[in-house]
Amino acid sequence: MTTELILAPSATAPRGLAVHTRGLVHVYRGEGRDVAALAGVDLSVRAGEMIGLLGPSGAGKSTLLSLLAGLFRPTAGTVVVGDLDLTKATASELDTLHATDVSLMLQGAARNVLPFLTAAQNIEFAQVAAQRAERAGDLPGTPTLLGMVGLSDLGDEPLDRLTPGQLQLATLAVVLSTRPGLLLADEPTSRLDHEARDRVLAALARVNRELGTTVVVVTHDRDVARWMPRTVTIRDGRIGGEGRSGEEYAVVTADGFLPLPAHALEVLPPGTLVRLELEDGEYRLRVERDQS
Amino acid sequence: MWSRIRHRRFQALSLLSLAALLTTCLCLGPLYQRAMEQGLAGSVLTQATPEQTSVRLDSSDLSAEELERLFPARLDPYFSDPDVSLAAPVKVVLPDGSFSVVTRLYAADGACERLEVASGRCPTGSGEVMVSTADIETNGWTVGSQVDVTERVDPNVSDEVASGTVTVVGVYEVPPADGDWLDAPLTGRAGTVVPEVGTATDDWVTAPDSLTAADAPAQWHKITSSTLWTLDLDAVDHDSLLVIGPIVDELRQEALQGNSAAVLLLTDLPGLSERVASGSEQGRTTVVVLISQLLVLVSVVLWMVLVGATDDRRAELALARLRGRGRRGAAAYLLSELLPLTLGGVAVGVLVSPFVMALVAKIVFPVPVPIEVTGGFVLAALAAVAAVLAVVLLAARRAVREPVDSLLRAVPARHTATGTGVIEIATIVFSLTAVAALVSGRLEGPLATLAPSLLAVAAGLLLGRALGPVTRFVSVRLMRGGRAVAAAGIVNAVRRPAARRVLAMVVVATALLGFCVDALVTGQHNRQNAAEQLNGAPYSLSLQRPARPADVVAALRAVDPDHRHLTPVVTTTGNGSLTAPTVAVDPRAFPRVAFFPLSSAERGDWDAILAPGVDPLVLTGTTLEGTVASHEVRLRGPARKRVDDLVVSLQVLTSDVTTELVDLSLIPLADGTTAFSTGLPCAEACTVTGIGVRAPIGSEVSGTVVLRDLTADGSPFSLGPVTAWRRVSDDLGSSVVPAADPEGNLGVLVSSEAATPPVMLSAWVPSPVPALVTGREKGVFAAPAPEGQIDLQAVGTLDRVPGSSLGSRVVDLDGVLRRPEAGDGNYAVEVWSDDARVLARAETELRKRGILPAQLTTVDDVRSELDASPAAWSLALSVLVGGASVLVAMLVMLVATATTWRARANDLAALRMAGLPSPSLRRLELLGQLPVILVGALVGSACGVVAAVLALPEVRQFTDPPAVDTTDFATPWVAVLVACGVGLVLLAGLVVVTSRWTARRARLGRMREV
């Protein structure tokens, strides 16, 4: 099965949407106690970039993804997608955004499709709002999309006859059907075998590369993270570090804090005094051994 | 849309069915009401006699044409063309010239076509008449007879009497099948005596010219014109009857206030119309209240189901929103599936309801009723559309207003829990307050039928609230006892919100079922009781007057000598409505034959009212001879010298059961004897019932009078010992006491302060007559009897007298007939039986003896009449409501399964993966639902029974309640338990089926995402 991209870039559709968050805080109100899922996230994703959001369960990755998708408003901070500040956007603007610019791929392939429709029918269903938003001319045809994910022959099959990998590819075709400028994918490879996982990730990479679509993938799988040119690690509701081309970096926050990577904490437990020294034009951390 | 419906076809079918059920319930209301109205009108018109439904105008002042002009044109469509008849009262002298008889010269439209001419021909010209065959046989006319006729006029009105001669040209007979020919000539009078008129004969049919033409036999002074309009039953329905009644009533008013012309209007149409109007009104209220309960139940269920259905589509709504469709788009997505289904259901309901109604009508109504689509039906259909639209839109609105992030969760956020709780508590408080109002009597009438719903709603909601804590407690105990599967199943029962809703619905539905069955069976029971009380026995044959009770008794004894199947029932009503009737019966047969609703025959001491069991003193002969001996007989007072009026006499009951007093002899004063010989009316044996001493008016008499040496036609005759006679005294202080001379001859010790002392009675004659009473009578009291007022003595009580009114009392007819009183009491004679064949034999025997039956009514006839009433039909609606409520409960459970089976199957699949075997999964799933249904059905049934106890006394059992109340509101336990049991079995069976169905789908494959 091939996954050759045959989807030509659109003349009018955005090549990719930049994403910026500043001081993003989100608190879930519960019965008796509140839980802060995000505690000040500053994140910038360039237009046409592909990044992975990493982190353990409960770190806040999915919450961040939902805020980027405009599913709900943050408790504090701003989220800007393209030119639209999602924290101030009206319901209508958000609807238009979802119809044309931002696609969210939920965790679990089945949650992204209507189970009683075929893949082709799901694509048609997904394109309805985009067609009304006067983007009909730019929308790719169903055969094109199915061909793009290698499911040309399975477009009319009931979904329950597809393998998990095929279903996830069908889901990808559906979320790409509106030719979004931003594709948000929550654990797109969970429960897939390696082969299927690689096919899905390859497809995502090509969408990013050839269409310029900005792709944000949430994953806790390090193997998946290797496919990402840039990764951002979320830890305890904050940006805990970044990885670029296999290198791990700590990231200085907007208010000047520097969260250390988790593995550094083994060496530098909380309360350790460090000195920041400038030597030869570079800053070095020096642990103050004598802390008495 | 079709793919969506196919995907959830079970759910779609449920939604469609519920919408159809809701619509059917709504549409059935007006259909049932209409059918009830038409049924009532049809039943009333069918039961009415042609005389009651026709309009007849009679006048001696106006001509037929003038009478026709009085008839309102608005009534024309409902009546046939008028039949005109003319009549002139005349006297005719019999052929032998012995005396004259009374008849009418009568000319009616179409008489020649309708009458059978036995001989001769129908009169066509002036002066020609046709007489009846009975007239020919009785009076001896012949065809060709010339008869002088004289006008019969009231001498107070006119002195002029017209007379002339007519010729008999034919002999007629009224065809028996033409009983509804209201203009038929009067027959059956030949040879009879009409009170205050004299000997009469049948009408003399003549041509109109004989009455009105210039060459008529005479110029009659008084011709009665009669114009008759017969109601066309095919052209009249409920609505037109309600129109006709008031118009005819106006005509009656006009006739009453009519200027100088006297017009008599004969009809019962205004009364019939009023009866139908009040019956319809009464039925309407009950129908509305019963149907509205079902409607509310179905609406709530539809709402629940739609909430479940929309919850089932939350993930799809989330997707629609994520794909940019917005709330409107999501709503459109939802409605594009739900609206066609529910509106399709409405269409099905609209189409089906007339057929359901037709089926119901066949069962419920005694007469065929048309199923009519009225304005009410159209309104109901529109209301169904509006109700369904409202419920669907509300459910859709609730779903689409939910934020996308909430829609993405498996279950909705419980942000409305507080609000729901407040509504629930408010509903419970309202329901319990309404029930309290019912108990305290502030809620009455048809509204009382709201009781089951109110009580069940409160109980269901309270039970729902208690369900969580109770099941948690039970499951913990089970878990500690090592019964993990049962514990898990019970916890599973309340884990989902649908469980509480299903519980509440099952409670309400079974409560309605229990109540409806209770109401239905109680209604039937009460109508049966009323029918038994009204008819008195399985068969009641009334007899034509005059029917002498003694002859009837003799006929019945000939057919039923063992007193097993026949009893005479002679009901005597005194003058004035305050006097309760006396019912004279055969006390041996009566307890066996009669009904005693709400009581029993054993309740009465029947032996206590039996006539005295002594042998009658039989006297046969035509001459009685003997000696009268006086002992110290004194005659005092102003009339003491009228010794010729001091007479001893014998009171006898002759063979034809009439009492006669036979004077025997003058009584010698002081001490003396005298022989006597007197004639007797006893050739065929009499019964001696008394010995009387007659004294002159204004005298006082005392002393002893002995009758001895008696012979009847030469044979010795004894009056028996002293013990065979009873002492009698009256209110004036007079008394007669049995005595005997030394030889044992019977004497009368008499002491009188007034003219004539009472008759000394034989012990064979009851005095006073023992009676079983239903009122407060004690001791001796006077009461009407067939032969006049008699003294009764209360010797026991009965709850009610079958077939009679309040306060009636029962006596032995045999005893009453032994009494000497003679008179023309106002009594009716009937024969009651519990065996149709025996009664038929009795009827034959009665006919042989010249006693003609009038009418036979059976208890079933009376029951049918009571059943054909709006009150009964309204209660019959209970069958529908009860059945539909169970159907609704089953649908709720089906829908609950349809909307939750995927999640439940997934849970079970996870347990299967954890190693739980299939039987345990099935048990777990069953235990997840069965306790809820069992508890709900039991509590609901209890609510239904309690509500029936509270509410049924307020529900009208009869359109026209009978005078004697036999209503009984005891719970018909067998019927209620059977109905509730059937309901429970159906619901439990459904639970077993659905739980197994769900458990079968708990395959490991479900752990996949699709």
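Data table
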{"item": "Filtered residues of segment B:332-358 (kept if within 14 Å of chain A (Cβ to nearest Cβ) and open to solvent by 20 Å² or more (accessible area, probe 1.4 Å))", "result": "B:ALA332, B:SER336"}
{"item": "Segment B:302-328, residues that are within 12 Å of chain A (Cβ to nearest Cβ), open to solvent by less than 10 Å² (accessible area, probe 1.4 Å), in contact (Cβ under 8 Å) with a residue 24 or more places away in the chain and within 13 Å of B:ALA399 (Cα to Cα)", "result": "B:ARG313, B:ARG314, B:LEU317, B:ALA318"}
{"item": "Segment B:886-921, residues that are modelled with pLDDT under 80, among the small types (Gly, Ala, Ser) and over 25 Å from B:LEU18 (Cβ atoms)", "result": "B:ALA910, B:ALA914, B:GLY915"}
{"item": "Residues that are modelled with pLDDT of 85 or more and outside any loop (DSSP other than H, G, I, E, B), drawn from segment B:174-211", "result": "B:TRP204, B:VAL205, B:THR206, B:ASP209, B:SER210, B:LEU211"}
{"item": "Residue within segment B:922-938 that is of a type in the set (Gly, Ala, Ser), farther than 23 Å from B:ALA979 by Cα and either touching a strand residue (DSSP E or B) at 6+ places or on another chain (Cβ under 9 Å) or at pLDDT below 85 (or both) present", "result": "yes"}
{"item": "Search result, residues across segment A:129-175 that are within 14 Å of chain B (Cβ to nearest Cβ) and among the β-branched types (Val, Ile, Thr)", "result": "A:THR163, A:THR171, A:VAL174, A:VAL175"}
{"item": "B:GLY796 part of a strand (DSSP E or B) and either aromatic (Phe, Trp, Tyr) or in the same structural domain as B:VAL569 (by TED's automatic domain parsing) (or both)", "result": "yes"}
{"item": "Test for A:VAL218: is it touching a residue at least 40 places away in the same chain (Cβ under 8 Å), crowded, with 21+ Cβ neighbours inside 10 Å, under 16 Å from A:ASN112 (Cβ atoms) and more than 14 Å from chain B (Cβ to nearest Cβ)", "result": "yes"}
{"item": "Pair list, Cβ under 7 Å, 6 or more apart: segment A:277-289 residue among the basic types (Lys, Arg), other residue open to solvent by less than 90 Å² (accessible area, probe 1.4 Å)", "result": "A:ARG284/A:GLU277; A:ARG286/A:VAL274; A:ARG286/A:GLU277"}
{"item": "Candidates B:LEU241, B:LEU251, B:LEU265 - the one that is part of a strand (DSSP E or B) and either open to solvent by less than 10 Å² (accessible area, probe 1.4 Å) or at pLDDT below 90 (or both)", "result": "B:LEU265"}
{"item": "Members of segment A:65-78 found to be aliphatic (A, V, I, L, M) and more than 16 Å from A:LEU17 (Cβ to Cβ), listed by number", "result": "A:LEU71, A:ALA76"}
{"item": "Total residues in segment B:76-111, condition within 23 Å of B:THR165 (Cα to Cα) and without any contact (Cβ under 8 Å) to a residue 12 or more places away in the chain", "result": "2"}
{"item": "Qualifying residue in segment A:113-123 (condition: closer than 15 Å to B:LEU408 by Cα and facing another protein chain (nearest Cβ under 9 Å))", "result": "yes"}
{"item": "Qualifying residue in segment B:143-157 (condition: acidic (Asp, Glu), in the same structural domain as B:SER210 (by TED's automatic domain parsing), in a strand (DSSP E or B) and open to solvent by less than 20 Å² (accessible area, probe 1.4 Å))", "result": "yes"}
{"item": "Strands (runs of 3 or more DSSP E) wholly inside segment A:42-108 containing at least 3 residues that are open to solvent by less than 20 Å² (accessible area, probe 1.4 Å) and within 13 Å of chain B (Cβ to nearest Cβ)", "result": "A:102-105"}
{"item": "Only one of B:ILE790, B:ILE851 that is of a type in the set (A, V, I, L, M, F, W, C), more than 28 Å from the chain's Cα centre (by Cα) and in a strand (DSSP E or B)", "result": "B:ILE790"}
{"item": "Test set (1) crowded, with 19+ Cβ neighbours inside 10 Å; (2) modelled with pLDDT under 90; (3) over 41 Å from the mean Cα position of the chain (by Cα); (4) farther than 27 Å from B:GLY245 by Cα - B:LEU94 fails condition number", "result": "(1)"}
{"item": "Condition broken by B:PRO89, with the remaining ones in (1) touching a helix residue (DSSP H, G or I) at 6+ places or on another chain (Cβ under 9 Å); (2) part of a strand (DSSP E or B); (3) open to solvent by less than 30 Å² (accessible area, probe 1.4 Å) satisfied", "result": "(1)"}
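Results for (1) within 55 Å of the chain's Cα centre (by Cα); (2) under 24 Å from B:LEU921 (Cα atoms); (3) open to solvent by 30 Å² or more (accessible area, probe 1.4 Å), shown as yes or no for each residue.
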| site | (1), (2), (3) |
| --- | --- |
| B:LEU450 | yes, no, yes |
| B:SER453 | yes, no, no |
| B:ALA456 | yes, no, no |
| B:LEU461 | yes, no, yes |
| B:GLY468 | yes, yes, no |
| B:ARG477 | no, yes, yes |
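The rows are residues; the columns are (1) within 30 Å of B:ARG863 (Cα to Cα); (2) assigned by TED's automatic domain parsing to the domain that holds B:ILE371.
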{"residue": "B:THR23", "(1), (2)": "no, yes"}
{"residue": "B:ALA35", "(1), (2)": "yes, yes"}
{"residue": "B:GLY42", "(1), (2)": "yes, yes"}
{"residue": "B:ALA64", "(1), (2)": "no, no"}
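Each row is one residue, and each column tells you yes or no for (1) within 14 Å of another protein chain (Cβ to nearest Cβ); (2) among the hydroxyl-bearing types (Ser, Thr, Tyr).
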site: B:ILE5; (1), (2): yes, no
site: B:SER17; (1), (2): no, yes
site: B:ALA20; (1), (2): no, no
site: B:LEU31; (1), (2): no, no
site: B:ALA35; (1), (2): no, no
site: B:LEU40; (1), (2): no, no
site: B:SER43; (1), (2): no, yes
site: B:ASP58; (1), (2): no, no
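Here is a yes/no grid of residues against (1) open to solvent by 40 Å² or more (accessible area, probe 1.4 Å); (2) of a type outside the set (S, T, N, Q):
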| position | (1), (2) |
| --- | --- |
| B:LEU512 | no, yes |
| B:ALA519 | no, yes |
| B:THR522 | no, no |
| B:HIS525 | yes, yes |
| B:ALA530 | no, yes |
| B:LEU543 | no, yes |
| B:VAL552 | no, yes |
| B:ALA555 | no, yes |
| B:HIS565 | yes, yes |
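The values are calculated or read from the model by the stated rules, or taken from the named source; none is laboratory data. Since the model is a prediction, treat every value here as computed from it, not as a measurement. Neighbour counts are summed over all protein chains in view; Cβ atoms, including those assigned to glycine, are modelled from backbone coordinates with ideal geometry. When the accessible area is computed, the model is the full protein with side chains, heavy atoms only, and any ligands, DNA or RNA have been set aside. Shrake-Rupley method; radii C 1.70, N 1.55, O 1.52, S 1.80 Å.
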